[in-house]
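The values are calculated or read from the model by the stated rules, or taken from the named source; none is laboratory data. No experiment lies behind these values; they were computed from the predicted model shown. Counting neighbours? That spans all protein chains shown, and the Cβs are built from the backbone with ideal geometry, glycine included. Side chains are part of the model used for accessible areas, which takes the heavy atoms of the whole protein and leaves out ligands, DNA and RNA. Shrake-Rupley method; radii C 1.70, N 1.55, O 1.52, S 1.80 Å.
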Amino acid sequence: MRNFRTRGAVALAGAAAIAVVVSLASTAEAGTTLGASAAESGRYFGTAVANYKLSDATYSGILDREFNMITPENEMKWDATEPSQGSFNYSSADAIVAHANAHNQRMRGHALAWYSQQPPWAQGMEGTALRNAMVNHITNVATHYKGKIYAWDVVNEAFADGGGGGRRDSNLQRTGNDWIEVAFKTARAADPGAKLCYNDYNTDGVNAKSTGVYNMVKDFKARGVPIDCVGFQSHINSGSPLPSDYQANLQRFADLGVDVQITELDIQGSGTAQANSYATVVKSCLAVARCTGITVWGIRDSDSWRSGDTPLLFDNNGNKKAAYTSALNALNSGGTSSPPPVSTSPSVSVSPSVSVSPSVSTSPSSPGGGTGNGCTATTSVNQWPGGFVVTVRVTAGAAAINGWTVGLTLPSGATVTSSWNVTRSGNSWSNVSYNGHVNAGQYTEFGIQGTGTAGTLTPTCAGS
């Protein structure tokens, strides 16, 4: 239990007695919400937010009552903030920052450099041109939000799954192995006051992937590359259960001299089992002095990118679940130590973004592909129990195309919950205004998120 400081004992008079009552009341109130309870140990409890949902009174009501840190789900990613090269659009992200400022909430920025959700114009770039574009993007976005962001996910998901512990192949990785440190140095120059984090999934326990990240962080610290924190997404499900060495893994990173943050927490399940897992995660963070806070990836189960897994703290109607109570009780039980002090963050306008999110513990399906008139379509699938994300790459043939349509039929039982960079009509998926033109041999990509199983996909492609 938390220790209440009663200051004085039996008989206090007048103003002194009132002061004691006020002190006790405010302490008791602090223990009734996630954010206030986390703040008692110097930590935060946050959530991912989609700008277009802020008009939902139930959604915003829970957000403003319970959480003291906000991460934009998609609105600060590359495709949202720089849809055309050199032309920046901050309206949706600014609206979230303004909301946070108005409700005394701080901001985590997500994500400056990522192999996924790049705008179409960047997807076909390579080498020096892409490196320069990345540097320019980070500089502009981090400068725009200078002083308003507590911590940035500077680089997201740059390590490969599997047993090797090496880097993920991507267009950014192919610009040179130093691209991650260049990203961090660029972010530091643009906003010296923000904490700079590396963020990834399937790194929750001690394994080859987390050890690859660990070795990179150790190297960065030894060479003076600016890195302040490591984010652990913690998407927990039957395919990637909560590891028994979760706390020990957080601690080994903290021992390198960086903060650790749980950045995208959601836990598949319901009832007691789910509640116990949430309590374990919270207690693990409280036990590690440099674990500065926890962010859940969404508010209600219906807001989750894994809604079929019912992985969050509130049900579809906004009611508190058993998992909420266990998380709150764990926060109120207190931690063994407080993290280093965190800086405050504050102030600043809506065009809805699609609700896509991070790759999760998955085993990618075998890519499918199909050729057609002037273009080729290939797919890669991230599948988890109950849901999937499909990335479809449209590659032009020997001549440029000015439009394309992909035929793609999902298996029976699969339901599309969102898509991006594409217009859908049944089983036909066509370009939007900005990604129809694809030069010869180049490609663009779109994405589909859904529930159920994606299975083996056989797309066709027709260019015009």
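Things to note:
- Scanning the stretch 455-464 for residues that are outside any strand (DSSP E or B) and open to solvent by less than 50 Å² (accessible area, probe 1.4 Å) turns up Gly455, Leu457, Pro459.
- Matching residues in the stretch 137-148 - criterion: being in contact with a helix residue (DSSP H, G or I) (Cβ under 9 Å, 6 or more places away or on another chain) and open to solvent by 10 Å² or more (accessible area, probe 1.4 Å): Thr139, Asn140, Thr143, His144, Lys146, Lys148
- Going through (1) modelled with pLDDT of 95 or more; (2) over 28 Å from Arg174 (Cα atoms); (3) in a loop (DSSP other than H, G, I, E, B) one by one, Gln118 falls short only on (2).
- Residue match in the stretch 16-31 (condition: at pLDDT 50 or above and in a loop (DSSP other than H, G, I, E, B)): yes
- Among residues of the stretch 308-335 that are assigned to a loop (DSSP other than H, G, I, E, B), those with a Cβ under 7 angstrom from a residue that is surrounded by 17 or more Cβ atoms within 10 Å (Cβ to Cβ) and among the polar types (S, T, N, Q), sequence gap 6+ or separate chain, pair up as Pro311/Gln268; Pro311/Ser304; Leu312/Ser304; Gly334/Ser41; Gly335/Ser41.
- In the stretch 64-91, the qualifying residues are those that are assigned to a helix (DSSP H, G or I) and not acidic (Asp, Glu), and the one that is nearest to Leu265 (Cα to Cα) is Arg65.
- Residue match in the stretch 357-368 (condition: in a strand (DSSP E or B), at pLDDT 90 or above and more than 20 Å from Gln117 (Cβ to Cβ)): no
- Considered as a group, the residues in the stretch 217-248 that are acidic (Asp, Glu) and out of contact with any strand residue (DSSP E or B) (no Cβ under 9 Å at 6 or more places or on another chain) include one that is farthest from Leu313 (Cα to Cα), and that residue is Asp219.
- Enumeration of residues in the stretch 53-86 that are closer than 30 Å to Thr444 by Cα, hydroxyl-bearing (Ser, Thr, Tyr) and more than 17 Å from the chain's Cα centre (by Cα): Ser84
- Just one of the listed residues (Gly61, Gly42) is small (Gly, Ala, Ser), in a helix (DSSP H, G or I) and out of contact with any Gly (no Cβ under 6 Å at 6 or more places or on another chain), and it is Gly61.
- Any hit, the stretch 182-191, residues being modelled with pLDDT of 95 or more, of a type in the set (A, V, I, L, M, F, W, C) and either in contact with a Lys or Arg (Cβ under 8 Å, 6 or more places away or on another chain) or in a strand (DSSP E or B) (or both): yes
- Of all residues in the stretch 95-115 being open to solvent by 20 Å² or more (accessible area, probe 1.4 Å) and not in a strand (DSSP E or B), the one that is farthest from Glu264 (Cα to Cα): Ala102
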